[in-house]
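The values are calculated or read from the model by the stated rules, or taken from the named source; none is laboratory data. Keep in mind the model is a prediction, meaning the values are calculated, not measured. Cβ atoms come from the backbone with ideal geometry, glycine included; neighbour counts cover every protein chain shown.
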Amino acid sequence: MILYDMHTHSRFSFDSSMEMEGAADRALALGLSGIAFTDHLDVNYNSDGSDVYYDFGDYLYRFEEVRDKYAGRLDIVSAVEVGLQPHVVEENIRRLSGYKFDYKIGSTHLVSRYDPYDRTYFRIEPEKHSAYRRYLREMIRNIELYHDYNSVGHFDYLIRYADYEDNAMYYREFQDEFDTLLELMITYGLAFEVNTRSYDKTTMDAEVLRQYKARGGETVVLGSDAHRYERIGKRFDFFKNVIKDCGFDYIAHYRNMQPIYEKIV
Ligand SMILES: [Zn+2]
Ligand SMILES: [Zn+2]
C-alpha cells in the first residue's frame, strides 16, 4: 500500500544528523511512498530559556532540491514539529508566519518547563498517575490555546522516559482527560499520530485510538520519529494492522496542509 513516514528529523534538528537524501534512500529501500521531514521548532525549550529552531528558509530551499531529485520515485513532504507550551503561542505563530509547509505536528514536550526527556519532570511528579494526568492536561491546554497544525504528536510521549513497572498510558486510567483531548482533536480537525518510536519498550493502548474513531475521528498518520536512518519506517507493518484493527480503512499523509487518504491493504 501507499505508506508515508510522516515524522522524521533531518540534520535541521539539533538532535539528528540524518541527511535528507540518505533518509530518502532508506525510505525507498523500505518500499515507502513518501517521507516527511518534521524538524524541531521548540521555542523556550532549553533550560537556559533558549530556543530549538532552524532556518525555515534554508530548510525549504534544501527540501525543494531533494523533492525535485526524488520526483516520481519518492514523495518528499515539507513539515515542522512545533513544540507547544502555553506561553509560546504568539511566538510560534510569529515564527511560522509566511512559511509554507505541507504538514505541521503540534507536540507537547515540556510541562511547566520541566522535561520528561532529561527526567526533571519525573522528579517533580514521581507518581505515575499524577505525572501522566498532568501531562495530558497540559496537552489539552496547549491545544485549546493553539491548534493551527494538522496532527497531535505522540500523545503518550512520557512513556518513553518513564521508569515505572508498566509505563503504558491507558485510556481507562485517564478517561476524563482522554475524552476531553479526543473531543478537542475532533473539533479542530486534528489527526491522530501513531508514533512508533514511543513503543520500543512499552505498548500503545489501542483503546485510545478506538475512542478517537468512536467520536468520529477519521485521520490517522503514521510516523517513526526517526533521528537515525535505521529507524525510518520502524514497525509500520505491525502498526498498520493495529490501525486497521481499530476500525480505520485508511491511513493519511498530507500535502499543502490537506490530508490524503490511502486505503490500508
Ligand atoms: Zn516530539
Ligand atoms: Zn519528533
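Points to keep in mind about this one:
- Filter result for the condition that a residue is modelled with pLDDT of 95 or more and either part of a helix (DSSP H, G or I) or of a type in the set (Phe, Trp, Tyr) (or both), over 241, 167: 241
- Residue check for residue 230: over 16 Å from the mean Cα position of the chain (by Cα), assigned to a helix (DSSP H, G or I) and acidic (Asp, Glu): yes
- Residue 10 being within 16 Å of ligand 1 (Cβ to nearest atom), under 18 Å from the mean Cα position of the chain (by Cα) and at pLDDT below 95: no
- Top-ranked residue of segment 64-88 - restricted to ones that are under 19 Å from the mean Cα position of the chain (by Cα) and not in a strand (DSSP E or B), ranked as farthest from residue 12 (Cα to Cα): 86
- If you go through segment 13-29 and pick out every residue that is crowded, with 16+ Cβ neighbours inside 10 Å and either touching a residue at least 60 places away in the same chain (Cβ under 8 Å) or under 14 Å from the mean Cα position of the chain (by Cα) (or both), you end up with 6.
- Test: residue in segment 204-211 that is basic (Lys, Arg), part of a helix (DSSP H, G or I), at pLDDT 95 or above and touching a strand residue (DSSP E or B) at 6+ places or on another chain (Cβ under 8 Å): no
- Residue 54 being part of a loop (DSSP other than H, G, I, E, B), within 30 Å of residue 2 (Cβ to Cβ) and modelled with pLDDT under 95: yes
- Just one residue in the set 107, 47, 78 is of a type in the set (Gly, Ala, Ser) and farther than 24 Å from residue 136 by Cβ; that residue is 78.
- Residues within segment 30-44 that are buried (at least 19 other Cβ atoms within 10 Å of the Cβ), over 21 Å from residue 261 (Cα atoms) and not acidic (Asp, Glu), tallied: 3
- Candidates in segment 154-163 are the residues that are outside any loop (DSSP other than H, G, I, E, B) and away from ligand 2 (no atom under 12 Å from the Cβ); of these, the one that is surrounded by the most Cβ atoms within 10 Å (Cβ to Cβ) is 158.
- The residues of segment 102-153 that are closer than 19 Å to residue 199 by Cα, touching a Leu at 6+ places or on another chain (Cβ under 7 Å) and more than 14 Å from ligand 2 (Cβ to nearest atom), listed by number, are 131, 132, 135, 136.
- In segment 89-113, the qualifying residues are those that are small (Gly, Ala, Ser) and in a strand (DSSP E or B), and the one that is farthest from ligand 1 (Cβ to nearest atom) is 106.
- Qualifying residue in segment 93-106 (condition: without any contact (Cβ under 8 Å) to a residue 40 or more places away in the chain and crowded, with 21+ Cβ neighbours inside 10 Å): no
- Taken over segment 215-248, residues that are of a type in the set (Asp, Glu) and in contact with a Lys or Arg (Cβ under 6 Å, 6 or more places away or on another chain) amount to 1.
- Set 130, 47, 78: member being more than 14 Å from ligand 1 (Cβ to nearest atom), surrounded by fewer than 12 Cβ atoms within 10 Å (Cβ to Cβ) and at pLDDT 95 or above: 130
Yes/no per residue for (1) more than 29 Å from residue 257 (Cα to Cα); (2) in contact (Cβ under 8 Å) with a residue 60 or more places away in the chain; (3) assigned to a helix (DSSP H, G or I); (4) of a type in the set (Gly, Ala, Ser):
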| site | (1), (2), (3), (4) |
| --- | --- |
| 122 | yes, no, yes, no |
| 129 | yes, no, yes, no |
| 137 | no, no, yes, no |
| 149 | no, yes, no, no |
| 181 | no, no, yes, no |
